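What follows is a set of notes on a single structure, which appears directly below.
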2 protein chains.
Amino acid sequence: MEINNIDVRNYPGSTKTYVEGKLHDIRVPMRRIDLTPTVKIINGEKMMHENAPVYVYDTSGVYTDPDVTIDINKGLPRTREKWISQRNDLEQLPGITSEYGRQREADKSLDSIRFANRYAPRRAKKGCAITQMALAKQGIITPEMEYVAIRENMNNEKLGIKSHITPEFVRDEIAAGRAVLPANINHPESEPMIIGSKFLVKLNTNIGNSALSSGIEEEVNKAVWSCYWGGDTLMDLSTGDNIHETREWIIRNCPVPMGTVPVYQALEKVNGNVKDLTWEIYRDTLIEQAEQGVDYFTIHAGVLRAHADLIGERLTGIVSRGGSIMTQWATLHDSENFLYTHFEEICEILAQYDVAVSLGDGMRPGSIHDANDRSQFLELDVLGQLTEIAWRHNVQVLIEGPGHVPMNKIKENMERQMSACHKAPFYTLGPLTTDIAPGYDHITSAIGAAQIAWLGTAMICYVTPKEHLALPNLEDVRNGVITYKIAAHAADLAKGHPGAQVRDNAMSKARYDFRWKDQFNLSLDPARARQYYVESHKDDDHFCTMCGPNFCAMRISQAVADNCAK
Amino acid sequence: MEINNIDVRNYPGSTKTYVEGKLHDIRVPMRRIDLTPTVKIINGEKMMHENAPVYVYDTSGVYTDPDVTIDINKGLPRTREKWISQRNDLEQLPGITSEYGRQREADKSLDSIRFANRYAPRRAKKGCAITQMALAKQGIITPEMEYVAIRENMNNEKLGIKSHITPEFVRDEIAAGRAVLPANINHPESEPMIIGSKFLVKLNTNIGNSALSSGIEEEVNKAVWSCYWGGDTLMDLSTGDNIHETREWIIRNCPVPMGTVPVYQALEKVNGNVKDLTWEIYRDTLIEQAEQGVDYFTIHAGVLRAHADLIGERLTGIVSRGGSIMTQWATLHDSENFLYTHFEEICEILAQYDVAVSLGDGMRPGSIHDANDRSQFLELDVLGQLTEIAWRHNVQVLIEGPGHVPMNKIKENMERQMSACHKAPFYTLGPLTTDIAPGYDHITSAIGAAQIAWLGTAMICYVTPKEHLALPNLEDVRNGVITYKIAAHAADLAKGHPGAQVRDNAMSKARYDFRWKDQFNLSLDPARARQYYVESHKDDDHFCTMCGPNFCAMRISQAVADNCAK
């Protein structure tokens, strides 16, 4: 099987640049947007001044680096390979450990869809605590930590902007569990990033096929474009056929950390029969996926048998797939959720590969009616206990959050999460602030996401316009990602993140100067901004169609200002 | 000139219903959404229960009443005519008062674009205080007041939901200036509605051509569709040719209150030459428009000469068209803004027709950088003084607000407005919570609009995806209106408006029951929800493409609940 190359080009007016590390031999990518000078005619004289370039956070990987040849069939350059191979706490395995992985490997019928360029996995040497959290606790600043410190600051020190984010600060936040740096040692293609409330707000995108739709090529396409548009992490939520092979294609071409919900694949392995799920199958799935390079697992270990009885109080029951599966399993077997009872063993596995755990909120509310109810908060308390267990194993922890929540109940979610889960980073799906707008749920949820991110949520999971209706296509992914970039950035501004406003100021100055191309280039989606504009303009109009030539407020305002300046 | 009829059909699954008044002979329109029953198979037995219909606020006018024949060339039925004609505080004028209006009337060359079915205007009898505010202060409950009281409650008393909104409450809020009921006596086609922080949050849409675009038919089309999708009021911001004639077409076919910014037309009358603007031309424009039936005027009377000097502190100067015009006028003439100096006379004119004043925020920030600055808040204090003047004349007052404001500065806007402007209703444009997303500014601003509406803003002015780039087309109007319905409704939920959650609950129950058609019919944009769904479904699937057949959380959750219930 060969996949066509993906035609991602760099953003217009932009140059891929790299900032080098001081502690480590690392190169941190950024996008530099070059701006045109401001030109004014005052009293018949042409005045000009330069506008400094703007550096922006760049999640697009080497897809936008003209010096790198992209070949989807070979995978991305393995940037972290050198750092990882120099570590002496890891061992190279002879081959795949998981039983299922070996079966798939041996199955010749899968050759036609298999990603060819595979690598043998690594694992922690026995007795070695190898996670970023373990290293941070030992006082070590890893290359990954320095990388994210540089990345977060977007070169703003050049503008004299002071930042609290240093490599030491990154290390301390990770050590304390307040930030997560997802970095599976088997995903060296990933460019390090950090998730924590004192860093830029991050956004996750979900892709993945279901039994009804979407093939490997389409999913890889969505993955790459999602990074291009600004996704910070990516979850593959595939539930259809060939999950194992699809995932390999995505991971090898994915420049951002990738997450999964392993129970989805475990359930496929028992043909969708919840009752047949076992800890052994699940365990093998964890190892299979960890060795492929999945950076974080959503695990619904906080859904307890006792909570099933509370569903009756709800309007929409359980809307988390993982949560409903584990609740049904527990009910059918009349025993406790095996993810809860085996949580220590889960942590032992995750710690060997530095896979982070994202504690799933199986009881997240699926309607305004169910927001902030007993089931939801009882589970949150359990997630807090599990957090402590994971941390003892040096496993990095994210806490997943709702869901559907009206604006007046958002703050309570954040406050309870902070206190119940010991400040582990919160990672929410929206929340959607009303139930009545299917087709527009990227918007109902961005309203909630912006607010909860401002209050401290570290990562927001995007929602596309197709939520509740269908799986997203590529254009839906674009709308979802850009909408969530807006929510995340609005939160960064509200939180006063150092340098967050640089881009807004540059945009606004470009507006005031009628530098249209700079406006496009500075915008989150230059292609769309440009398209809307050119449909009704000549390129150098010193007014826009909104006001027409006689009514441009900014043109008149400049005339007034120029007059005052005389 | 003949305009084609507009093909607005009623919403699917919906019936236009009317609730009759108790105090007055009035019929208040609502949309009733009928739902299908819930069907369940439990232990092989088919269980069914009915779902009560949901009544929703309906802004679409008689366009969705199958019993009314629509003819755009004749205009809408004049619903309020009877109430108005029975009043003895009004006089019927022999013809148009304004000089400009008479000139246009006499100009035969305009016959080809003129709306044919015109009426002579009414005006207050000398010495009569005729506005809704004046009547409220006298303790009178007008038909309009009873109408909005019924309308706000959406028939929810049938569900046992208690509401604070009674005709008396409406009257008292209007008397105190905390709510505005825009109801020009010359716009009897308008269905009464109310704007105030203790009522449902309202949304305004802007339409209007500029010199570069858009003809009469297109604008009438946008107006009608904007009401269909949920716009509560409509501003005609035309700045191109034939503003007078365009406006007549729109008002006669507009079932919601309409606003304008009269200085735009006044400026057209002096060929765009700001220096040539005079109080006399402006005054004549007010009378011209008041007699056509404009329900509220945006008047930038708070932009003072002294404030012009503060522009230098800003990144984006003045972005309000009206504000920039008046500032330039004041600077060129080195004298005070004539809207400020003539404000008492303005109020005298407005009071004769019950035109409300919307005090424009000429100094609203046009960038994150300029939010909450001196210019903005100095003007707000002036607006507070003007509010008191207007109220002395019994003129109803709205206060316009920003603009571009980061989330952390939104609350200060609301608090200052409340205290500076004596609780007159706040009416904001967005605010946009970041500058960097042209092409998506309906979203950047809905994030801010939802928040400020929750905090007490009574009406939010929509922003379309084309903001900053071009004038909206019909599809942009749709996206803008639905996005703002979401923001308004999210705020109603957060404020706990009586009955606001009825529709959300019905939607969520329909979701849990897999009643797909009911989901479409209950949604803010049934056509879009349905379209997204049918692209990938058979209609009666008991799962959706998101999860596929084995993974539907709600299906599993129901199985668990059914099991527990045994």
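Quick one: net charge of residue A:352's neighbours, Cβ under 13 Å, K/R +1, D/E -1? The partial results should precede the final answer.
On the way: positive: A:122, A:123, A:125, A:126, A:283; negative: A:89, A:91, A:291, A:345, A:348, A:354.
Local charge sum for residue A:352: -1.
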(message) Can you classify region A:431-476 as rounded, prolate or oblate using the Cα gyration tensor, where a ≥ b ≥ c are the square roots of its eigenvalues, rounded means a/c under 1.5, and otherwise it's prolate if a/b beats b/c and oblate if not?
(response) oblate
(request) Kindly give the distances from residue B:4 to its copy-mates, label point to label point, with each label point 7 Å from Cα along Cα→Cβ, as nm values to one decimal ordered shortest first. (result) 3.7
(request) Would you compute, from DSSP H runs of 4+ residues alone, the mean residue ellipticity of chain B at 222 nm, taking -39500 (n - 2.57) per run and dividing by the full residue count, rounded to the nearest 500? (result) -12000 deg cm²/dmol
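Averaged over B:457-469, how many beta carbons belonging to a partner chain fall within 10 Å of each residue's beta carbon? Write down the numbers at each step before the final one.
Values: counts 0, 0, 0, 0, 0, 0, 0, 2, 2, 7, 3, 9, 17.
Per-residue shielding by partner chains comes out at 3.
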(request) State which entries of A:409/B:162; A:108/A:222; A:158/A:509; A:222/A:509; A:125/A:222 exceed 31 angstrom in Cα-Cα distance in the structure shown. (result) A:222/A:509; A:125/A:222
(message) Just checking the output field for A:352-362: average partner chain Cβ neighbours within 10 Å of each residue's Cβ?
(response) 0
(request) Using only the Cα atoms of region A:232-377, build the gyration tensor, take square roots of its eigenvalues as a ≥ b ≥ c, and label the shape rounded, prolate or oblate: rounded if a/c is under 1.5, else prolate if a/b is larger than b/c, else oblate. (result) prolate
(message) With the label 7 angstrom out along Cα to Cβ, how close does residue A:388 come to the same site in each of the other copies, in nm, nearest first?
(response) 6.0
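Percent of Cα-Cα pairs more than 53 Å apart in the protein assembly as shown, please.
Numbers: 146891 of 640146 pairs.
Tail fraction, whole percent: 23.
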(request) Considering Cα pairs under 8 angstrom that are at least six residues apart, work out the relative contact order of chain A and quote it in whole percent. (result) 14
(request) Apply the Karplus parameterisation 6.51 cos²θ - 1.76 cosθ + 1.60, with θ equal to phi minus 60°, to every residue of region A:42-50 and state each ³J(HN,Hα) to the nearest whole Hz, in sequence, with x for glycine and proline. (result) 10, 6, x, 9, 7, 10, 9, 9, 6
(request) Using only alpha carbons, build the gyration tensor for region B:249-320 and give me the equivalent ellipsoid semi-axes, biggest first, whole Å. (result) 27, 16, 11
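Is there a pair in A:411/B:411; A:126/A:198; B:423/B:466; A:495/A:517; A:466/B:495 whose C-alpha atoms are over 23 Å apart, and which pairs would that be? Intermediate values should be presented prior to the final figure.
Working: A:411/B:411 15 Å; A:126/A:198 34 Å; B:423/B:466 32 Å; A:495/A:517 29 Å; A:466/B:495 28 Å.
Cα-Cα > 23 Å for A:126/A:198; B:423/B:466; A:495/A:517; A:466/B:495; rest within.
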(request) Tell me the label-point distance for the pair residue B:119, residue B:535, using the 7 Å Cα-to-Cβ offset, in nm and rounded to one decimal. (result) 4.5
(request) Would you list which aspartates and glutamates come within 17 Å of residue A:275, measuring only between C-alpha atoms, while excluding same-chain residues fewer than 8 positions from it? (result) A:334, A:336, B:562
(request) Return the long-range amide H neighbours of residue B:461 (sequence gap of 5 or more, or a different chain), with a cut-off of under 5 Å between placed amide H atoms. (result) B:204, B:428, B:429, B:430
(request) Working from Cα positions, state the angle (0 to 90°, nearest 10) between the long axis of helix A:216-229 and the longest principal axis of chain A. (result) 40
(message) Can you give the local net charge around residue B:241? Use residues other than it whose beta-carbon is closer than 15 angstrom to its beta-carbon, Lys and Arg +1, Asp and Glu -1.
(response) -4
(request) Can you pull the one-decimal nm distance between simple spin-label points at residue B:138 and residue A:47, each 7 Å off the Cα toward Cβ? (result) 5.9
(request) Using a/c under 1.5 as the rounded threshold, could you call chain B rounded, prolate or oblate? The axes a ≥ b ≥ c are square roots of the C-alpha gyration tensor eigenvalues, and prolate needs a/b larger than b/c, oblate otherwise. (result) prolate
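Could you work out the mean count of beta carbons from other protein chains within 10 Å of each residue's beta carbon in A:525-532?
Working: counts 5, 2, 1, 6, 8, 3, 2, 11.
Shielding by partners across A:525-532 averages 5.
In nm, what is the difference between 0.36 nm times the number of residues separating residue B:158 and residue B:527 and their Cα-Cα distance?
The span from residue B:158 to residue B:527 would gain 130.0 nm if fully extended.
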(message) Suppose you put the label 7 Å out from Cα in the Cβ direction; list, shortest first and in nm with one decimal, how far residue B:475 is from each other copy's label.
(response) 0.7
(message) Take residue B:78 and residue A:473, extend 7 Å from each Cα along the Cα→Cβ direction, and tell me the distance between the two endpoints in nm.
(response) 5.0
(message) For q values of 0.11, 0.12 Å⁻¹, compute log₁₀ I(q)/I(0) with the Debye formula on a Cα-only model of region A:172-500, without solvent.
(response) -0.61, -0.75
(message) Can you compute the label reach from residue A:412? Point 7 Å from Cα along the Cβ direction, backbone N cut-off under 14 Å, restricted to region B:506-540.
(response) none
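Each value in this text was obtained by applying a stated rule to the coordinates, not by laboratory testing. Keep in mind it's a predicted model, so treat the numbers as computed, not measured. Ideal geometry is used to build each Cβ from the backbone, glycine not excepted, and the neighbour counts take in all protein chains shown.
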